[in-house]
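J.: Handing you this structure, nothing more for now.
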């Protein structure tokens, strides 16, 4: 049996809209993932430090404040600097399509928008972590 | 209302009717339930609701217990205020939007601040990176508020400010800018959200821990009773509690429980309930379940009136009134087929009006995508104007009273709220429940249940899990220019250079002393604001005394 997926969830930025990320946390938990939720107003440094310490497979962040174009790349950059190359970064929020394309181009694994089903997010993460791990083995 | 034999016969007949219905084929829906997840019967009649105590429970508008409305004449006497929440980018852009809204017939302003302002950070703080002017207007000093209200007579309009943790500072700025224009604080009308308890429960924009936060609020209430008597000091808000996932009954119960807490805190600070309580108002969400929402507003008025009169002993009738603002539910809007949000908002707005709201904000169709464009804002305002002028619902007061279903729901939601009040008390009160995460857990559970209902197909959301289309979304989206942070930071720098820095330092030190002692913090804050101290400087002046709040993460 495959190892349990370990995922860190956090909310960067100043807004306190944590309904979505808590729903996702509960859905991941029910899907059998190990969920570490570090809460609100996490700086990119805090998120990355926690991700490395907890040795997670993926980091999911939720941004509803409009600061996504600043925060996603900032987290990704620090994650790479800290040696977390094998950690997937994904997220969700109110993010226009063309900006999703830009973010995915720079290396954010996936952005979910309002209305996404938790089952789809669970399935996606399971697949993405599996593919990410087999890539590592090949290398 | 009905005699006993009639009701007994009716109940017997109902059994027979129910048995007939049970044999008939019905739509294959797994459950019939409200948005809150409560089962709904196929039919309600006189047997479903106890109307014996008509005058005690329902009665007349403008009379205790105000189930039917707070005014005797309701919308014939005073139409609701169409108050569209807005604000974005720089103070100058916001000022332009306000002149536009006033020209188009809005009659109250409602200021949305950006997140740094809501959290007490200046635009040049590290914490503000990427957030300046995004969700609302950036305010650092009095100079920004002067720009926002440039050319607007603050003695003529009412202004609502959605600000909580740093509410005292923003009110102080509004007072100072008005005084500078020659408008006395006694003439100012408006509302401050200033509801810190729901921040801990749902919206999560806090600075200090609950106890010093409550002191800031009671200091402000005392200050306003004396100097800004027409100002509504707290808008006790269920809106965010609902958005965070609450059911209708949870929204109602947690909000009113917060209200009771403010009343008790102000009374404990020695204030006269008959002076401060007339300035408390409420803010509810209008979600998609039409009847459930109407019942919620009616139950809210009844519960509040009874508590204020019997439990807290308010003597003046006007202090028994629950007056409220309504905003349609942001969380009910979908990013898919966004034009559908126009219809959702219209139904929700209608429930607010039928529920007797005093003011209303209708959301714009594009708000799940970005801040609303001018066109979307105009359509949202027109929705209210159509309800007011074309639908006929304002002709007669509380037209749904006496509907067996609505009266049944009103009683039911009231009873559920009472159960929550008992539970909160058993757990040691509102502050204790916040500390222990009781509210937060209840909301997370309800939000998850709702999401599951959608994913299991028990609940159909048009465009999301039913009637799905491949679509290119082509509604215009408002983009906030990333350059505004620079502009704002440079203005802030200029203000800091041109103000009297010695005075700013002195007033800030006096505020720290005031916080340490028992003086009125609102007075000390006003002195800081007048000499252009920044919001963050003022917050920092109290931080060493009050500390900071941190929430243990939970889900």
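What follows is calculated from the coordinates using simple rules that are stated; it is not laboratory data. This is a predicted model, so every value here is computed, not measured. Glycine gets a Cβ as well: all are built from the backbone with ideal geometry, and neighbour counts include every protein chain shown.
J.: How big is the gap, in Å, between the Cα center of region A:91-123 and the Cα center of region B:393-411?
T.: 43
J.: Where does region B:300-450 land on the Kirkwood hydrodynamic radius, alpha-carbon pairs, in angstrom?
T.: It works out to 18.3 Å.
J.: If I model a spin label as a point 7 Å beyond the Cα along the Cα-Cβ vector, how far apart are those points for residue A:45 and residue B:382 in nm?
T.: With each label placed 7 Å out from Cα toward Cβ, I get 5.1 nm.
J.: With the cut-off at 1.5 for a/c, could you classify chain B from its C-alpha gyration tensor as rounded, prolate or oblate?
T.: Cα axes put chain B in the prolate bin.
J.: By its C-alpha gyration tensor, with a ≥ b ≥ c as the square roots of the eigenvalues, how is the protein assembly as shown shaped: rounded for a/c under 1.5, else prolate for a/b larger than b/c, else oblate?
T.: Oblate, since a/c reaches 1.5 and b/c is not below a/b.
J.: Give the Debye-formula value of log10 I(q)/I(0) at each listed q (0.16, 0.20, 0.24, 0.28 Å⁻¹), with one equal scatterer per alpha carbon of region B:1-42, two decimals each.
T.: One equal scatterer on each Cα of region B:1-42 leads to -0.63, -0.79, -0.87, -0.94.
J.: Once you order the gyration tensor axes a ≥ b ≥ c over the Cα atoms, which shape class does region B:428-536 get: rounded for a/c under 1.5, otherwise prolate or oblate by comparing a/b with b/c?
T.: oblate
J.: As I understand it, the value is the acute angle between the Cα axis of helix B:248-268 and the longest principal axis of the Cα atoms of chain B; what does it come to in degrees, rounded to 10?
T.: The angle comes out at about 50 degrees.
J.: Using DSSP, restrict attention to beta bridges with both residues in chain B and report what percent are antiparallel, rounded to the nearest 5.
T.: 5
J.: Would you list B:414, B:510 from fewest to most Cβ contacts within 10 Å?
T.: Lowest to highest Cβ neighbour count: B:510, B:414.
J.: Specify the angular offset, from 0 to 90 degrees and rounded to the nearest 10, of the alpha carbon long axis of helix B:4-23 from the longest principal axis of the alpha carbons in chain B.
T.: Compared with the principal axis, the helix lies near 90 degrees.
J.: From the convex hull of the Cα coordinates of chain A, what is the mean projected area in square nanometres?
T.: Its average projected convex-hull area is 7.8 nm².
J.: If we count other beta carbons within 10 Å of each Cβ, what is the order of B:540, B:56, B:144, fewest first?
T.: The order, fewest Cβ neighbours first, is B:56, B:540, B:144.
J.: Same structure, new question: Of the DSSP beta bridges with both residues in the protein assembly as shown, give the percent that are antiparallel, rounding to the nearest 5.
T.: Close to 0 percent.
J.: For the Cα atoms of chain B, what angle does the longest principal axis make with the long axis of helix B:167-180, in degrees from 0 to 90, nearest 10?
T.: Once rounded, the angle reads 60 degrees.
J.: Could you please state, rounded to a whole Å, how far the C-alpha centre of region B:238-304 is from the C-alpha centre of region B:335-377?
T.: 22
J.: For region B:380-453, what is Rg from Cα atoms divided by 2.2 N^0.38 Å, rounded to two decimals?
T.: After normalising by residue count via 2.2 N^0.38 Å, the value is 1.66.
J.: Just want the ordering: B:75, B:98, from fewest to most Cβ atoms lying within 10 Å of their own Cβ.
T.: B:75, B:98
J.: Estimate the FRET efficiency between residue B:436 and residue B:5 by the formula 1/(1 + (r/R0)^6), using the beta-carbon distance for r and 41 Å for R0, to the nearest 0.05.
T.: About 0.20, to the nearest 0.05.
J.: Still on this structure: Report the gain in length on full extension from residue B:20 to residue B:56: 0.36 nm times residue separation, minus Cα-Cα distance, nm rounded to one decimal.
T.: The span from residue B:20 to residue B:56 would gain 9.3 nm if fully extended.
J.: Please compute the length gained on full extension between residue B:312 and residue B:150, using 0.36 nm multiplied by the number of residues separating them and subtracting their Cα-Cα distance.
T.: 54.1 nm
J.: How many Cβ atoms of partner chains, on average, are near each residue of A:17-30 if near means within 10 Å of its Cβ?
T.: Across A:17-30, the average partner-chain Cβ count within 10 Å equals 6.
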